[in-house]
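Structure first, then comments.
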Amino acid sequence: AQKVTQTQTSISVMEKTTVTMDCVYETQDSSYFLFWYKQTASGEIVFLIRQDSYKKENATVGHYSLNFQKPKSSIGLIITATQIEDSAVYFCAMREGYSNTDKVVFGTGTRLQVSP
Amino acid sequence: NSKVIQTPRYLVKGQGQKAKMRCIPEKGHPVVFWYQQNKNNEFKFLINFQNQEVLQQIDMTEKRFSAECPSNSPCSLEIQSSEAGDSALYLCASSPTGGHSDYTFGSGTRLLVI
């Protein structure tokens, strides 16, 4: 069964620094998709970035990038030049297979606090 | 602002009462998912639809929970007889086709069962 684990419950950083959030996953499938989402204090959940399992290159979107280490089943999220508004809970998620009808499994999140 | 519209934002029910929440998916998204997020940030998958058809649902959903996504009407999730353990944030998400597709989430309905 698929599983996503985020062991860091909370991280605090100073503004304009770089932060890395860890995520490891378990799957029996050879093809899968990995996602990161952000949930703000208001409860809104926003998609940030995706990594396809068959791609070797790390995905990058704006100031978000991924550290995909397939042999370790690891997908870390890196946020560079953090801003106050990056304060939120970040969720790692995975979908097995190619069907969009398959559910996504989520980790339990890492709370990021960015201070001025 | 979310393109998935969930109502109501908050819902307070007594134990044994019905609780109903609605979701309008993003235009053009044929797949709708319902998740329950508890206070420990755990996401529990409840049910998903493609257009009007149920694709998967968990046992809990089969017993006390009912859901539908009728054509030209909002999707809905209803708890027939609310229990204290149902208190949670209920999230509706929609997505286009393709396994690579991410979710667009609604703002959620926060249910409190007292």
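Could you tell me which of the pairs A:Lys72/B:Lys3; A:Lys3/B:Lys18; B:Lys18/B:Lys39; A:Lys56/B:Lys39 are separated by over 30 angstrom between their Cα atoms in the structure shown?
Flagged as over cut-off: A:Lys72/B:Lys3; A:Lys3/B:Lys18; A:Lys56/B:Lys39.
Can you give me the % of accessible surface on the range A:4-116 that is carbon or sulfur? Probe 1.4 Å, all protein chains present, nothing else counted.
That share works out to 51 percent.
Using Cα pairs under 8 angstrom and six or more residues apart, how large is the relative contact order of chain A, in percent?
About 37 percent, as a whole number.
In square angstrom and rounded to 100, what buried accessible area do you get between chains B and A, total over both, with the probe at 1.4 Å?
2000 Å²
Find the centroid of the Cα atoms in the range B:40-84 and in the range A:30-53, then give the distance between the two in whole Å.
22 Å
For A:Glu57 and A:Ser74 in the same chain, what is the full-extension length gain: residue separation times 0.36 nm, less their Cα-Cα distance, in nm?
That works out to 4.7 nm of additional length.
Identify the trypsin sites (Lys or Arg not before Pro) of the range A:25-116 meeting these criteria: DSSP loop state and at most 14 other C-beta atoms within 10 Å of the C-beta.
Those that pass, being in a loop and sparsely packed, are A:Lys55, A:Lys56.
In terms of Cα to Cα distance under 15 Å, which aspartates and glutamates are near enough to B:Lys63, apart from those fewer than 8 places away along the same chain?
B:Glu78, B:Glu83, B:Asp86
The values are calculated or read from the model by the stated rules, or taken from the named source; none is laboratory data. Bear in mind that the values here come from a model prediction, so they are computed numbers and not experimental data. Cβ atoms come from the backbone with ideal geometry, glycine included; neighbour counts cover every protein chain shown. Each accessible area value is taken on the protein alone, full model and side chains, heavy atoms only, with ligands, DNA and RNA left out. Shrake-Rupley method; radii C 1.70, N 1.55, O 1.52, S 1.80 Å.
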